[in-house]
1. Using a/c under 1.5 as the rounded threshold, could you call the range 53-122 rounded, prolate or oblate? The axes a ≥ b ≥ c are square roots of the C-alpha gyration tensor eigenvalues, and prolate needs a/b larger than b/c, oblate otherwise.
2. How far, in nm, would the chain grow between S156 and E98 when pulled straight, counting 0.36 nm per residue and subtracting the alpha carbon separation?
3. Keeping all protein chains in place and using 1.4 angstrom, which order do S89, S127 fall into by accessible surface area, from largest down?
4. Would the range 1-104 count as rounded, prolate or oblate if I go by the C-alpha gyration tensor, calling it rounded below 1.5 in a/c and otherwise prolate when a/b exceeds b/c, oblate otherwise?
5. Could you calculate the contour length gain from D55 to E79, that is, 0.36 nm times the residue separation minus the distance between their Cα atoms, to one decimal place in nm?
6. At a probe radius of 1.4 Å, what is the per-residue accessible area of D14, in Å² to the nearest 10?
7. Based on the alpha-carbon gyration tensor of the range 113-158 and its eigenvalue square roots a ≥ b ≥ c, which shape applies: rounded if a/c is under 1.5, prolate if not and a/b is larger than b/c, or oblate?
Amino acid sequence: MRIGITGHRGLSDDVERLVRQQLVEAVSARTPDGLVGVSCIADGPDAWFAQAVLDHGGRIEVVVPAERYRNGLPDWHHETYDELLHRASDVHHTGMAESDSQAHMAGSELLIGLVDEVLAVWDGQPSRGYGGTADVVAHAIRTGVPVRVLWPDNASRD
């Protein structure tokens, strides 16, 4: 089973704790044999999911939306990003250079094309900018890839 991830970054500590738990539960429900997590490994749900897959005995593949993608991530996340990238069994590139919303959406579209299902850490609200979680969910639905939304009850992004 090939599972992708999309989700909101910058969650509060309380929401982060609940989302991490939901991700571990979703991953643990699968057998590790043949489990492949596909992620852009950004800070937040992308990286938490990738780590949960590895901890469960699965493998990860990474989608790199742009050459300069890592530079656009928070400095405190670079070590985690580098470690997860190093542990990836395969790395997919969009071929884009600049890490902007178009590259992020292109990376998400590439990811959707590689998976059987998408986990979406999503509050159900519209995207706050092109390429946001709602846009990725809409693309998955349009292309027939099942989406499973993970969002804690009564949680908010702000």
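The values are calculated or read from the model by the stated rules, or taken from the named source; none is laboratory data. Nothing here was measured: the structure is a model prediction, and the numbers come from that model. Quick note on the areas: whole protein, heavy atoms, side chains included, nothing else; ligands and nucleic acids left out. Shrake-Rupley method; radii C 1.70, N 1.55, O 1.52, S 1.80 Å.
1. oblate
2. Numbers: separation 58, 0.36 × 58 = 20.88 nm, distance 3.05 nm.
That works out to 17.8 nm of additional length.
3. The most accessible residue leads, giving S89, S127.
4. Cα axes put the range 1-104 in the oblate bin.
5. Length gained between D55 and E79: 6.9 nm.
6. The value for D14 is about 100 Å².
7. oblate
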